[in-house]
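A.B. asks: Let me give you the structure first, and then I'll get to my questions.
The values are calculated or read from the model by the stated rules, or taken from the named source; none is laboratory data. Note that this is a predicted model, so its numbers are computed, not measured. In this analysis, Cβ positions are derived from the backbone assuming ideal geometry, glycine residues included, and neighbour counts consider all displayed protein chains. Side chains are part of the model used for accessible areas, which takes the heavy atoms of the whole protein and leaves out ligands, DNA and RNA. Shrake-Rupley method; radii C 1.70, N 1.55, O 1.52, S 1.80 Å.
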Amino acid sequence: IYIEVFAPAMRAVGSLWHQGKITVDKEHYCTALTQTIMAQLYPQISATPRNGHSMVACCIGRELHEMGVRMLCDVFEIHGWDSVYLGAAVPLDGILASLEENAPELVALSVTMPHHLAECQGVVEAISSEPRFSEVKIAVGGRAIQLAPHLVEAWDVDTTASDAVALVQW
């Protein structure tokens, strides 16, 4: 349902907004409605046996489009991971503090709007240059990453993925 229903529906909503066919209030309504439906799935998700793996995930800097990274965390939880969902617009110091506190195996950074790509690159550089995080794998994703894969090739990331299931499989 996350990959075959929620994600395509939210991409369609984003496309309609981008084309000017719906206004931002409609986009926000569709997002809130989808989040309400997702919340009803949490009892089943939390009943999944844990596998000992953990991740931290968020939208960097001023990026507000957090639905994709929320879905990513849920899919990882469905697969037994413990996820720390930091949400939207997380500044670098908050990301680093969470990595220090939670010691995850993976950090997933999400960028939807292309004008946040440079900020994401800065976050990746800050994480990868810290010796205390040398064991943490870095994944980046989101619409902006999909539109600019050539930029990410030069970054010190371990992976990008087309969707949450592909990242779990990685």
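A.B. asks: To the nearest 10 square angstrom, what accessible area does Lys137 show with a 1.4 Å probe?
C.D. replies: Lys137 exposes around 90 Å² with every protein chain in place.
A.B. asks: I want to make sure I understand the PRE zone here: with the label point 7 angstrom from the Cα of Glu4 toward its beta carbon, which residues in the stretch 149-170 have backbone N atoms less than 17 Å away?
C.D. replies: Answer for this model: 163-166.
A.B. asks: Please compute the Kirkwood hydrodynamic radius over the stretch 32-93, one decimal place, Å, based on all pairs of different Cα atoms.
C.D. replies: 12.2
A.B. asks: Oh, and also: Run the quick spin-label model on Ala47 and Leu92: label points 7 Å from Cα toward the beta carbon, then report their separation in nm to one decimal.
C.D. replies: Label at Ala47, label at Leu92, 4.4 nm between them.
A.B. asks: Around Thr159, with a cut-off of 14 angstrom between Cβ atoms, what is the net charge of the other residues, counting Lys and Arg +1 and Asp and Glu -1?
C.D. replies: Here the count lands on -4.
A.B. asks: Now, a different point. Around Ser15, with a cut-off of 13 angstrom between Cβ atoms, what is the net charge of the other residues, counting Lys and Arg +1 and Asp and Glu -1?
C.D. replies: That sum, taken over residues with Cβ under 13 Å, equals +3.
A.B. asks: If you count only protein heavy atoms and use a 1.4 Å probe, how large is the accessible surface of Asp158, to the nearest 10 Å²?
C.D. replies: Asp158 has an accessible surface of roughly 70 Å² with all protein chains in place.
A.B. asks: To continue, here is another question. With a 1.4 Å probe and every protein chain left in place, work out the accessible area per residue of the chain in Å², rounded to a whole number.
C.D. replies: That works out to 53 Å² per residue.
A.B. asks: Something else now. Could you give the spread of the C-alpha atoms of the chain along their three principal axes, from largest to smallest, in whole angstroms?
C.D. replies: 47, 38, 25
A.B. asks: How much of the accessible area of the chain, in percent, comes from carbon and sulfur atoms when a 1.4 Å probe is used?
C.D. replies: 57
A.B. asks: Roughly how many Å² of Ile37 are accessible to a 1.4 Å probe, to the nearest 10?
C.D. replies: Probe radius 1.4 Å; accessible area of Ile37 about 70 Å².
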